[in-house]
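Peer 1: The following block contains the structure, expressed as structure tokens.
The values are calculated or read from the model by the stated rules, or taken from the named source; none is laboratory data. Nothing here was measured: the structure is a model prediction, and the numbers come from that model. When we count neighbours, we look across all protein chains shown, and the Cβ atoms used for this are built from the backbone with ideal geometry, even at glycine. These area figures cover heavy atoms from the full protein model, side chains too; ligands, DNA and RNA do not enter into them. Shrake-Rupley method; radii C 1.70, N 1.55, O 1.52, S 1.80 Å.
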Number of protein chains: 2
Amino acid sequence: MTGRLIGAIEAGGTKFVLAVARENGEVIAETRIATRTPDECFPEMAAFFHNAAQAHGAISAFGVASFGPIDIDPDSGDYGRFTTTPKPGWAGARFHDALGEFGAPIVVDTDVNGAALGEWAQGAGQGTRTLAYTTVGTGIGTGVLQDGHSLAGFSHFEAGHIAVARVPALDPFPGRCPFHGDCLEGLASGPAIEERWGASLSKLASPAEQVELIAGYLAQLAANLVLLHMPDRLVFGGGVMKTPGLIEALRLATERRLGGYVQAPQLDPGLERYIVAPGLGDEAGITGAVLLGKRALG
Amino acid sequence: MTGRLIGAIEAGGTKFVLAVARENGEVIAETRIATRTPDECFPEMAAFFHNAAQAHGAISAFGVASFGPIDIDPDSGDYGRFTTTPKPGWAGARFHDALGEFGAPIVVDTDVNGAALGEWAQGAGQGTRTLAYTTVGTGIGTGVLQDGHSLAGFSHFEAGHIAVARVPALDPFPGRCPFHGDCLEGLASGPAIEERWGASLSKLASPAEQVELIAGYLAQLAANLVLLHMPDRLVFGGGVMKTPGLIEALRLATERRLGGYVQAPQLDPGLERYIVAPGLGDEAGITGAVLLGKRALG
């Protein structure tokens, strides 16, 4: 008896990470497939799990951490179904369609909630009760956990689209969000940075000013998270956050913006222990997906 | 046997509402006292409940909905204690000091969380799972409930202090928040409006433009609440919200700001059923305090 197996899926905008893990988290099979339409991705995904099941045994539960918008309400008849995503082919697709044949329970949450769970259980969020995990990459999103469970209202959060204060004289870029123009994602996501300056932040020759500008936008999300969720810690991950100096600039800008109003042991002077990089690096999402699947084992 | 009695306190910045109610919510005694220092307020508050107990019977539980910042974590040793408030005399004061002699359990939450609870149970928030109640008055604050229980992280929320996008050419007022200057509360609270225009919004001769400006600021909170909490409904109360036309302008500005990004049955076109006035008017807070006390009865 080697224990039950968990199928885990981290579904991102450019790639899917698929893994099979034991209950203790040990990954025994893993692959990556490119994100195309569900007609292309779903059979490939199912085939991977079929092969893994043949090699290692039946899969007892699936955990999915996916891009959205997606229905993550277990009480909904559309649980696991993509809603209004503009991503071609994905609106209406449902993970249960591809995974139902395995006859195993399926737990679905968002990619950021999954990454938050990974960080909470095994990464930089350990020991917290309320944890916010933000990714700054192709998009910007935040998952908030309380005691390891993701918070949501009628849907998952959409933190990337908050309005931010900006000074057009300093940043004439109009923003690139198709819905809001200059919302946070429209100004500070990876594509916004590339469109504005023709390169990623880390490839700019002398990026100090640009890093400062982006940090100032991200700090408004960080401050809003503090004021509207009071998390014990903020983890900031994703490709853009790998820019040297960005997290340091974000700490400074967030502290400046909070202006000493919120006093708590969690908010250490300098915020070095409050705003932190992921402990699991790029493994946070798939780790969280395994943990979501484990939950379904009961 | 007429059932147990609940002592209820709505502690506001200018007045305390004190009430004694039966388990069914019927208020059998009520008074208001001016907010001064705890040395003055607390004995007066205790005397009211002593007199009520003599007339009607022992008080079995207390519910407190109070201004803050205040510790609302039942697991904390400082539960019910004011923390860093600049209000003279209140930092360190604790409701349990004044009410402990009654030997009854005490439930403490913030004023906005209490009002949210009142609206959720008996007012405009009925039927929601996630409800946000915002007051716009001397200060600005928001309480968010899920299934009738207030959300909090390491502390209660401080929604009034979020940063807002502004156009200094249209609104040269620098804001009056001692911590942030032009945060939402610094720009759109009652005192900010009076300081900027010399009168309350409803007393301005031709207020259309001013109402529009304030609505634009409040819409940023409304949109942030949607994006970071996805509530089923937003109740907006408090003195400033009584300005004719303001809630209509707020709906328009919020819809414009969301830009059609969030699609859900809750967000009806025009937001008339999404952004609503309190159903209990100024009674939301004390109603919530009674309900908090009722919870302590078990």
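Peer 1: In segment B:102-126, which residues are part of a helix (DSSP H, G or I), within 27 Å of B:ALA53 (Cβ to Cβ) and among the charged types (D, E, K, R)? Before the answer, list the steps.
Peer 2: Restricting attention to segment B:102-126, the residues satisfying the condition of being part of a helix (DSSP H, G or I) are B:102, B:111-122.
Next, only the ones that are within 27 Å of B:ALA53 (Cβ to Cβ) stay: B:102, B:111, B:113-115, B:117-118, B:121-122.
Residue satisfying the conditions is B:ASP111 alone.
Peer 1: Related question: Is there a residue in segment B:202-218 that is within 11 Å of chain A (Cβ to nearest Cβ) and of a type in the set (Ser, Thr, Tyr)? First the steps, then the outcome.
Peer 2: Residues of segment B:202-218 within 11 Å of chain A (Cβ to nearest Cβ): B:216-217.
Then keep just the ones that are of a type in the set (Ser, Thr, Tyr); that gives B:217.
Yes, some residue in segment B:202-218 is within 11 Å of chain A (Cβ to nearest Cβ) and of a type in the set (Ser, Thr, Tyr).
Peer 1: Would you pick out the residues in segment B:210-259 that are in contact with a Leu (Cβ under 7 Å, 6 or more places away or on another chain) and without any contact (Cβ under 8 Å) to a residue 12 or more places away in the chain?
Peer 2: B:LEU228
Peer 1: Using the structure shown, decide if B:LEU280 is within 14 Å of chain A (Cβ to nearest Cβ) and touching a residue at least 60 places away in the same chain (Cβ under 8 Å). Even if it seems obvious, please write down each step before you answer.
Peer 2: Details: within 14 Å of chain A (Cβ to nearest Cβ): no; touching a residue at least 60 places away in the same chain (Cβ under 8 Å): yes.
Taking the combined requirement at face value, the residue does not satisfy it.
Yes/no matrix, rows are residues, columns are (1) closer than 30 Å to B:ARG4 by Cα; (2) at pLDDT below 95; (3) open to solvent by less than 10 Å² (accessible area, probe 1.4 Å); (4) not in a helix (DSSP H, G or I):
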| residue | (1), (2), (3), (4) |
| --- | --- |
| B:GLU248 | no, no, no, no |
| B:TYR261 | no, yes, no, yes |
| B:LEU267 | no, no, no, yes |
| B:GLY279 | yes, no, no, yes |
| B:ALA284 | yes, no, yes, no |
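Peer 1: Taking B:THR135, is it within 14 Å of chain A (Cβ to nearest Cβ), in contact (Cβ under 8 Å) with a residue 12 or more places away in the chain, part of a strand (DSSP E or B) and buried (at least 24 other Cβ atoms within 10 Å of the Cβ)?
Peer 2: Here the answer is no, as B:THR135 does not meet what is asked.
Peer 1: From the list A:VAL235, A:VAL240, which residue is assigned to a strand (DSSP E or B), open to solvent by less than 20 Å² (accessible area, probe 1.4 Å) and of a type in the set (Val, Ile, Thr)?
Peer 2: Working: A:VAL240 fails: assigned to a strand (DSSP E or B).
Criteria check complete, one pass: A:VAL235.
Peer 1: Please verify whether B:LYS294 is at pLDDT 95 or above, farther than 15 Å from B:LEU131 by Cβ, open to solvent by 30 Å² or more (accessible area, probe 1.4 Å) and under 17 Å from the mean Cα position of the chain (by Cα), treating the condition exactly as stated. Step through it out loud before you land on a result.
Peer 2: Values: at pLDDT 95 or above: yes; farther than 15 Å from B:LEU131 by Cβ: yes; open to solvent by 30 Å² or more (accessible area, probe 1.4 Å): yes; under 17 Å from the mean Cα position of the chain (by Cα): no.
Criteria not met by B:LYS294.
Peer 1: Being under 19 Å from B:LEU292 (Cα atoms) and touching a helix residue (DSSP H, G or I) at 6+ places or on another chain (Cβ under 6 Å) is the filter; apply it to segment B:29-44 and report the residue that is most open to solvent (accessible area, probe 1.4 Å).
Peer 2: B:THR31
Peer 1: What are the residues in segment B:13-28 that are open to solvent by 80 Å² or more (accessible area, probe 1.4 Å) and touching a residue at least 12 places away in the same chain (Cβ under 8 Å), if any?
Peer 2: Quick first cut of segment B:13-28, residues open to solvent by 80 Å² or more (accessible area, probe 1.4 Å) only: B:14-15, B:24, B:26.
Residues satisfying the conditions are B:THR14, B:LYS15, B:ASN24.
Residues are listed down the side, and each one gets a yes or a no for (1) within 11 Å of chain A (Cβ to nearest Cβ); (2) touching a strand residue (DSSP E or B) at 6+ places or on another chain (Cβ under 6 Å):
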{"position": "B:THR128", "(1), (2)": "yes, yes"}
{"position": "B:VAL144", "(1), (2)": "yes, yes"}
{"position": "B:ALA152", "(1), (2)": "yes, no"}
{"position": "B:LEU170", "(1), (2)": "no, no"}
{"position": "B:ARG176", "(1), (2)": "no, no"}
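Peer 1: Looking at A:ARG196, A:ARG166, which one is at the interface with chain B (Cβ under 9 Å from one of its Cβ atoms), touching a residue at least 12 places away in the same chain (Cβ under 8 Å), more than 20 Å from A:PRO86 (Cβ to Cβ) and open to solvent by 30 Å² or more (accessible area, probe 1.4 Å)?
Peer 2: Details: A:ARG196 fails: at the interface with chain B (Cβ under 9 Å from one of its Cβ atoms).
Sole residue among the options that is at the interface with chain B (Cβ under 9 Å from one of its Cβ atoms), touching a residue at least 12 places away in the same chain (Cβ under 8 Å), more than 20 Å from A:PRO86 (Cβ to Cβ) and open to solvent by 30 Å² or more (accessible area, probe 1.4 Å): A:ARG166.
Peer 1: Next question. From (1) open to solvent by 20 Å² or more (accessible area, probe 1.4 Å); (2) assigned to a helix (DSSP H, G or I); (3) of a type in the set (Gly, Ala, Ser), pick out the condition that doesn't hold for A:ALA205.
Peer 2: A:ALA205 satisfies all of (1) open to solvent by 20 Å² or more (accessible area, probe 1.4 Å); (2) assigned to a helix (DSSP H, G or I); (3) of a type in the set (Gly, Ala, Ser) except (2).
Peer 1: If I ask for residues that are in contact (Cβ under 8 Å) with a residue 40 or more places away in the chain and open to solvent by 40 Å² or more (accessible area, probe 1.4 Å), which ones from segment A:138-149 would you list?
Peer 2: If the condition is that a residue be in contact (Cβ under 8 Å) with a residue 40 or more places away in the chain and open to solvent by 40 Å² or more (accessible area, probe 1.4 Å), then A:THR138 is the only one that fits.
Peer 1: Among the residues of segment B:102-112, which ones are touching a strand residue (DSSP E or B) at 6+ places or on another chain (Cβ under 6 Å) and either free of Cβ contacts under 8 Å to residues at least 24 places away in the same chain or open to solvent by 10 Å² or more (accessible area, probe 1.4 Å) (or both)?
Peer 2: B:PHE102, B:ALA104, B:PRO105, B:ILE106, B:VAL107, B:ASP109, B:ASP111, B:VAL112
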